[in-house]
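Just below is one structure, and these are the notes that go with it.
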Amino acid sequence: MIKTVKLPPQITEEKLVNLFKEMWLIRFFDEKVDEFFAKGMIHGTTHLCVGQEASASGACAVLEDRDKITSTHRGHGHCIAKGAEVNRMMAELFGRTTGYCKGKGGSMHIADVDKGNLGANGIVGGGIPLAVGAGLTSKMKEEGYVVLCFFGDGASNEGSFHEAINLASIWDLPVVFICENNQYGMSGPVKEMVNVENIADRAAAYGIPGKVVDGNDIIDVMNEVNEAVERARNGKGPSIIEAKTYRWKGHSKSDAKKYRTREEEKEWREKDPIGRLRKLLIDEGILTEEKADQLKQEAKKEVEDSVEFAKKSPEPSIDTLMEDIYA
Amino acid sequence: MPVMNYIQAVTQALKEEMTRDEKVFVLGEDVGVRGGVFRATDGLYEQFGEARVLDTPLAESAIAGVGIGAAMYGMRPVAEMQFVDFILPAVNQIISEAAKIRYRSNNDWSCPITIRAPYGGGVHGALYHSQSLESIFANQPGLKIVMPSTPYDVKGLLKAAIRDDDPVLFFEHKRAYRLIKGEVPTEDYTLPIGKADIKREGSDITVITYGLCVHFALQAAEKLEAEGISTHVLDLRTVYPLDEEAIIEAASKTGKVLLITEDNKEGSIIGQVSAIIAENCLFDLDAPIKRLAGPEVPSMPYAPTLEKEFMLNPDKVERAIRELAEF
């Protein structure tokens with residue numbers, strides 16, 4: 001039993017170890033994608049969540065399989081945390097038929113119906129109303145599932161944020177709004193784009209709970225999200241949870257990061273969410289250094305294997321251009 | 001005369017207009033410190049300061065609406081939508097407010113706003129970074145829509161748009177930004193909005209198009225000349241309202257007309273061009289009007305094979321011209 005921190009009851013030691021590996025999987029996946037973009041092996045643009053693994057893994061960890069999520073343009077971590085196969089994700093980024101969207105979507109549009117992932121989204125704020133719609137369905141059909149809605153600090157300034165959260169609040173819908181505040185909406189510092197200290201403070205405007213968590217501490221994320229999920233499942237309505245975090249990489253592949261300092265980046269790197277969980281697991285005697293390194297290597301290998309899978313997968317034939325337009 | 005690329009002509013026009021008229025200001029996402037995602041506003045923040053180069057939150061409806069309000073009170077805002085795909089939350093402000101304010105106010109109010117946005121595919125942007133959305137706005141009297149093809153036209157038309165007393169949507173093909181180069185005078189000049197431009201004189205086939213497709217037509221025309229097919233190329237430049245006179249003249253000149261758009265065919269700009277020709281040129285036509293357009297799919301897919309199939313290119317244009325010539 002873990003002694004030094006409180007955990008949600010469903011989070012076992014084994015689960016915690018799995019989460020440690022999962023966070024490495026997310027990190028290696030995005031670092032590999034970064035490498036491929038730099039080498040010109042895959043094209044277009046991509047948004048990486050390196051440094052933000054704890055909010056994706058921690059929030060999804062407390063969910064039941066039947067629960068749903070909506071994701072964002074920076075969504076690879078959410079997909080993995082909700083159980084997506086990295087093979088099919090990597091294939092999608094390579095534009096191959098074995099990808100989640102058969103190559104039509106690419107980085108920003110991975111959805112996984114089987115795992116309850118309603119999809120990443122190329123439109124900032126686009127997924128927030130969809131999450132509320134999924135929550136409405138849960139309530140109307142009395143299915144008991146909860147919807148986690150991921151969005152960023154930038155999206156919280158879109159009209160869809162206000163419209164959707166207000167609706168969820170008046171109808172007491174089972175939605176937990178998770179704002180991953182990574183401090184910048186592309187080049188816009190959240191300090192200059194939002195006139196309150198915390199985005200979670202806006203919850204007061206909807207009469208719902210708003211909590212700030214350390215987004216780089218998976219334990220903190222799990223505890224607060226779990227409480228909000230329980231509340232939602234019990235018919236008490238939505239909450240906003242703001243996970244303060246930081247994206248280590250630029251906004252997208254073409255970002256010179258003129259808007260922030262290298263010192264600030266260094267400070268946040270020291271709050272590495274994976275390193276913090278590793279230390280906890282070792283201090284608690286759950287993992288040895290060797291075992292921790294072994295899990296890391298296993299995650300790395302899974303990503304390497306996904307690259308092989310993607311490369312071997314066929315490119316879509318031209319005929320598929322006209323498929324999947326209508327029922 | 002200096003040679004510059006398409007996007008440099010955008011920047012040049014903005015700089016000159018901001019220097020000429022202190023009422024001109026720029027607002028949009030990441031247009032300031034970062035200088036825009038594509039660098040269209042590069043250097044403006046340094047030259048004109050944060051009071052005239054406004055980094056906004058991610059809130060397209062407000063970017064358009066605030067710009068419209070400022071324009072009504074005498075400013076000359078140039079609002080940037082980061083991608084035309086992101087303009088959709090702002091459609092209500094543009095169509096309900098900007099397009100109608102003069103008409104509904106007994107001509108008391110003007111709305112001299114320019115809204116710039118990059119459109120079009122060919123850069124692996126996938127579903128939400130590749131669309132052509134001009135036809136959404138192209139049945140809204142009160143709006144003007146300019147879609148230039150060359151750096152020379154960009155500078156002259158953007159300056160004209162900023163000085164225009166009515167709202168102008170100014171759509172720039174993002175693939176053209178660094179691909180298309182041309183001579184641009186250093187001195188001040190404007191070009192008339194609402195006037196098409198003959199980009200090549202010819203006598204056998206008339207091609208009518210706009211934006212990047214103008215260059216595909218010119219390349220095809222060059223190649224076909226060697227085979228004795230003479231192609232006339234009319235660049236619409238303003239796609240709403242259309243230059244009917246120039247369309248009728250160009251169609252009547254050769255009697256064989258090819259209309260091209262990167263947008264999908266149904267409901268597109270070239271449908272209206274076709275109707276104008278059908279109404280006015282019946283006895284001058286020697287072949288049915290031919291249309292070459294993007295496929296009827298919801299958006300441009302990500303996989304390189306499918307994107308290539310979706311996009312037009314000089315070869316596709318050449319084939320279509322040849323078919324018309326052989327009719």
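Here the Karplus curve 6.51 cos²θ - 1.76 cosθ + 1.60, taken at θ = phi - 60°, turns the phi angles of the range B:208-214 into couplings of 10, 7, 7, x, 4, 5, 4 Hz, with x standing for Gly and Pro. So who's got an amide H within less than 5 Å of the one on B:Thr206, skipping anything under 5 residues away but keeping other chains? H placed 1.01 Å off N, in plane. Sorted by chain and number, the residues that satisfy this are B:His232, B:Lys256, B:Val257, B:Leu258. Over chain A, DSSP H runs of length four or greater, each weighted -39,500 (n - 2.57), average out per residue to a 222 nm ellipticity of -13500 deg cm²/dmol.
In the range B:3-183, the ratio of gyration radius to Kirkwood radius, Rg to Rh, stands at 0.94 when only Cα atoms are counted. Taking a cut-off of 17 Å between Cα atoms, list the aspartates and glutamates near A:Lys141, but don't count ones fewer than 8 places away on the same chain. Within the straight-line limit of under 17 Å, A:Lys141 reaches these aspartates and glutamates: A:Asp67, A:Asp172. Which of the helices in chain A, when you take each full DSSP H run, stretch at least 27 Å along the axis at their Cα atoms and have an average Kyte-Doolittle score of -0.5 or higher? Sorted by number, the helices that extend far enough and score high enough are A:13-38.
Per residue, what volume in Å³ does the convex hull of the Cα atoms of the range B:39-138 enclose? Intermediate results must be reported in sequence, preceding the final value.
Values: hull volume 10.2 nm³, N = 100.
Once divided by residue count, the hull of the range B:39-138 is 102 Å³.
Once Rg and the Kirkwood radius are both taken over the C-alpha atoms of chain A, their ratio Rg/Rh works out to 0.95. Listed by chain and number, the lysines whose C-alpha is less than 18 Å from the C-alpha of B:Lys100, apart from same-chain residues fewer than 8 away, are B:Lys144. Considering only Cα atoms, the convex hull volume of the protein assembly as shown works out to 168 Å³ per residue. Sorting A:Thr4, A:Thr320 by the number of Cβ atoms found within 10 Å of their own Cβ, with the fewest placed first, yields A:Thr4, A:Thr320. The mean sequence distance of close C-alpha pairs (under 8 Å, at least 6 residues apart), as a share of the length of the range B:1-90, puts its relative contact order at 31 percent.
Sort A:Met186, B:Met75 so the one with the fewest other Cβ atoms within 10 Å of its own Cβ comes first. Mind showing how you got there, number by number?
Details: A:Met186 20, B:Met75 16.
So the ranking, lowest neighbour count to highest, is B:Met75, A:Met186.
Close amide-amide hydrogen proximity is noted between B:Arg76 and B:Val24, B:Phe25, each under 5 Å apart and 5 or more residues distant or on a separate chain (H modeled in the peptide plane; Pro and chain starts excluded).
Entry note, the range B:3-183: relative contact order of 27 percent, from Cα contacts under 8 Å with a spacing of 6+ residues. Computed over the range B:262-322, the P(r) tail beyond 13 angstrom holds 68 percent of alpha carbon pairs. Couplings 3J(HN,Hα) of the range B:314-320, computed from phi: x, 5, 5, 5, 4, 4, 5 Hz, in residue order, whole Hz [Karplus 6.51 cos²θ - 1.76 cosθ + 1.60, θ = phi - 60°; x for Gly and Pro].
Check the straight Cα-Cα distances from B:Lys256 and name the lysines below 24 Å, setting aside those fewer than 8 residues away within the same chain. In chain and number order, the partners are B:Lys195, B:Lys199, B:Lys223, B:Lys265, B:Lys290, B:Lys316. Applying Stokes-Einstein at 25 °C and 0.890 mPa s to the Kirkwood radius of chain B, computed over alpha-carbon pairs, gives a translational diffusion coefficient of 123 µm² s⁻¹.
Find the relative contact order for chain A and round it to a whole percent, using C-alpha pairs within less than 8 Å whose residues are 6+ positions apart.
It rounds to 23 percent for chain A.
With loop membership from DSSP and a limit of 16 other Cβ atoms within 10 Å, the longest segment of chain A without chymotrypsin sites (Phe, Trp or Tyr not before Pro) is A:1-170. Summary: within chain A, the longest segment free of GluC sites (Glu not before Pro) located in DSSP loops with at most 15 other C-beta atoms within 10 Å is A:65-141.
Show me the GluC sites (Glu not before Pro) within the range B:9-82 that DSSP assigns to loop and that have at most 12 other Cβ atoms within 10 Å of their Cβ.
Values: sites: B:Glu16, B:Glu17, B:Glu22, B:Glu29, B:Glu46, B:Glu50, B:Glu60, B:Glu80; in loops: B:Glu22, B:Glu29, B:Glu50.
Passing both the DSSP loop test and the Cβ count: B:Glu22, B:Glu50.
Rounded to the nearest Å, what's the spacing between the alpha carbon centres of the range A:140-194 and the range B:9-57? Just the number, please. The range A:140-194 and the range B:9-57 have Cα centres spaced 30 Å from each other. Taking amide H positions as modeled 1.01 Å from N, with prolines and chain starts lacking one, the residues under 5 Å from B:Asp263 and 5 or more places away or on another chain are B:Gly294.
Each value in this text was obtained by applying a stated rule to the coordinates, not by laboratory testing. The model shown is predicted, which means the values in this text are computed figures rather than measured ones. Reconstructed Cβ throughout: ideal geometry from the backbone, glycine too, with neighbour counts over all protein chains shown.
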